[in-house]
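Remarks on the structure that follows.
The values are calculated or read from the model by the stated rules, or taken from the named source; none is laboratory data. Just so it is clear, the structure is predicted and the values come from calculations on it, not from any experiment. When we count neighbours, we look across all protein chains shown, and the Cβ atoms used for this are built from the backbone with ideal geometry, even at glycine. For the accessible areas, the whole protein counts, side chains as well, though only heavy atoms, and no ligand, DNA or RNA atoms are used. Shrake-Rupley method; radii C 1.70, N 1.55, O 1.52, S 1.80 Å.
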Amino acid sequence: MKRIGMLTSGGDCQALNAAMRGVVKSLMNSKEEVEIYGFLNGYKGLIYSNFKMLTGKDFSGILTVGGTILGSSRTPFKTIKDPDENGLNKVEAMKQNYYKLQLDCLVILGGNGTHKTANLLRQEGLNVITLPKTIDNDLYGTDMTFGFQSAVDIATSAIDCIHTTAASHGRIFIVEVMGHKVGYLTLNAGMAGGADIILIPEIPYDIDKIVKKVEERIKNGNKFTILAVAEGAISKEDAKLSKKEYQKKLQNSPYPSVSYEVAAKIQERTGQEVRVTVPGHMQRGGSPCPYDRVFASRLGSEAGKLILEGEYGFMVGYRNREIVKVPLEDVAGKLKMIDPNSTIVQEAKMLGISFGD
């Protein structure tokens, strides 16, 4: 008998259900008896022993369903060792609930913060296997995370839709894409949607270069310009500030986000009308695309295999088009960022796309 605990932590995304389904189906198709304990609302469920027993029927029909049937929440790693408002030791509570249920393994689906806590639990002696979830594709140790391709599709669709109205009215449009620290989503959606300017956190921008690109397009007879801007895009001036100084500037900024600041400066300098569109959480919602359904199912299946073989302490990742197991200690606390000199950035520039640098 294998007793498996399962939880989804952090922001939701497409294919969480598909990944969990992959784990459970691979286990239940083996000869081993399995009990599945689903912890509700992320690590909170494990901390406060809020769970429910799940059967194969719970995972039937969820391949195409977005979100997570277990619910999710953010439990910041930086406060995980702090007692809760009632003085409860959260780490000890998670360990006690793990042992109380006599679990053989805990399957955790999440992104960067989730993996830090997962690695902590591994260090505390629990058997842990993780699956890489995030629309940002910024998880170290894997070339791809599930949820990313679905989000690229949605963000690209938003840019596609903006193209027609931008062309009709001869306007400059900014589409703000999710991504506070890395720009994979903005870069891929921007290229797929034919954006003229792409701004990502890894390449600080110069507003003069952006204005120059816009003016060049106007001079060449182009009636509109599309900018794909990451939430975490930053100017060269702001990039020189300390983290504390930058946070203070953001708190005192009259703009809701960097996209509105860029829009105001372009409009002031060019006299052209600028509009901002923010797809927001739409990028994390809806049904997973076919790629993510297959990808998440593969990851889940491999996680099931590791459980059956008793191999714990790994993230199931994807490298060089193969599913691989990556030691959790090699993943936790690391961020996968875009290299400004990478081939995809250079190729985008050859296509005429400006990064404002």
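Dipole magnitude for the chain: computed about the Cα centre from +1 point charges on Lys and Arg Cβ and -1 point charges on Asp and Glu Cβ, it is near 260 debye. For the chain, compute Rh as the Kirkwood radius over C-alpha pairs and then the Stokes-Einstein diffusion coefficient at 4 °C and 1.567 mPa s; write the answer in µm²/s, rounded to an integer. Approximately 60 µm²/s, per Stokes-Einstein. Per the Kirkwood formula applied to alpha carbons, segment 176-216 shows a radius of gyration over Rh ratio, Rg over Rh, of 0.98.
Could you work out what % of the accessible surface of segment 112-177 is carbon and sulfur, using a 1.4 angstrom probe and leaving DNA, RNA and ligands out of the count? Its accessible area is 42 percent carbon and sulfur atoms.
Normalised by the residues of the chain, what does the relative contact order come to in percent, with Cα pairs under 8 Å and at least six apart?
On the way: 767 pairs, mean separation 86.7, N = 357.
Averaging sequence separation for qualifying contacts and normalising by length gives 24 percent for the chain.
Just the Cα atoms of segment 241-357, one point each, no solvent: what log10 I(q)/I(0) does Debye give at q = 0.11, 0.12 Å⁻¹? Listed by q, the Debye log ratios stand at -0.74, -0.85.
The portion of the accessible surface of segment 1-58 made up by carbon and sulfur, rounded to a whole percent, is 44 (1.4 Å probe; DNA, RNA and ligands excluded).
Looking at segment 1-94, I'd like the Rg to Rh ratio, where Rg is from alpha-carbon atoms and Rh is Kirkwood's inverse mean 1/r. Walk me through the numbers on the way to the answer.
Values: Rg = 14.5 Å, Rh = 14.2 Å.
For segment 1-94, the value is 1.02.
Considering amide H positions built from the backbone, and no H for Pro or chain starts, which residues 5 or more places from VAL324, or on another chain, come under 5 Å of its amide H? For VAL324, the qualifying residues are GLY317, TYR318, ARG319. GLY10 sits among other residues whose Cβ lies under 9 Å from its own Cβ, and their net charge, with Lys and Arg +1 and Asp and Glu -1, is +1.
What percent antiparallel are the DSSP beta bridges of the chain, to the nearest 5? Bridges in the chain that DSSP calls antiparallel: roughly 25 percent.
Could you compute the FRET efficiency for GLN123 and ILE207, with r as their C-beta to C-beta distance and R0 at 51 Å, rounded to 0.05? Calculated transfer efficiency: 0.65. Label-to-label distance, MET350 versus LYS100, with points set 7 angstrom from Cα along the beta-carbon direction: 5.9 nm. In the chain, taking the dipole from charged Cβ atoms about the Cα centre, the farthest positive-side position among PRO290, ILE307, GLY170 is held by ILE307. For LYS236 and SER60, a Förster radius of 45 Å and the Cβ-Cβ distance give a FRET efficiency of 0.30, rounded to the nearest 0.05. Sequence-distant contacts, meaning Cα pairs under 8 Å at least 6 residues apart, place the relative contact order of segment 147-302 at 34 percent.
A simple spin-label model places the labels of SER157 and ILE69 2.4 nm from each other, with each point 7 Å out along Cα-to-Cβ. Any idea what angle helix 90-100 forms with the longest principal axis of the chain, computed on alpha-carbon atoms, 0 to 90 degrees, nearest 10? With both axes taken from Cα atoms, the answer is about 40 degrees. Picking from PHE39, GLY22, VAL91, whose Cα lies most toward the positive end of the charge dipole for segment 1-99 (charges on Cβ: Lys, Arg +1; Asp, Glu -1)? Towards the positive end, the residue furthest out is GLY22.
For the set ARG122, ARG319, solvent exposure ranked by accessible area (probe 1.4 Å, protein chains only) runs largest to smallest as ARG319, ARG122. Tell me what the chain gives for mean residue ellipticity at 222 nm when only DSSP H runs of n ≥ 4 count, each as -39,500 (n - 2.57), the sum divided by the residue total, rounded to 500 deg cm²/dmol. Value at 222 nm, helices only: -12000 deg cm²/dmol. Between HIS169, HIS281, HIS115, the residue with the greatest mean-square fluctuation in the GNM of the chain (Cα pairs under 10 Å linked by springs) is HIS169.
Between the listed residues ASN50, SER253, GLN267, the Cα displaced farthest toward the positive end of the dipole of the chain, a dipole computed from Cβ unit charges relative to the Cα centre, is found at ASN50. Sorted largest first, the spans of the alpha carbon positions of segment 246-298 along the three principal axes are 49, 30, 15 Å.
Rounded to the nearest 0.05, what FRET efficiency do SER30 and ASP143 have when you use their Cβ-Cβ distance and R0 = 35 Å?
Here the calculated transfer efficiency is 0.80.
Subtracting the Cα-Cα distance of ASP357 and GLU273 from their residue separation scaled by 0.36 nm leaves 27.9 nm.
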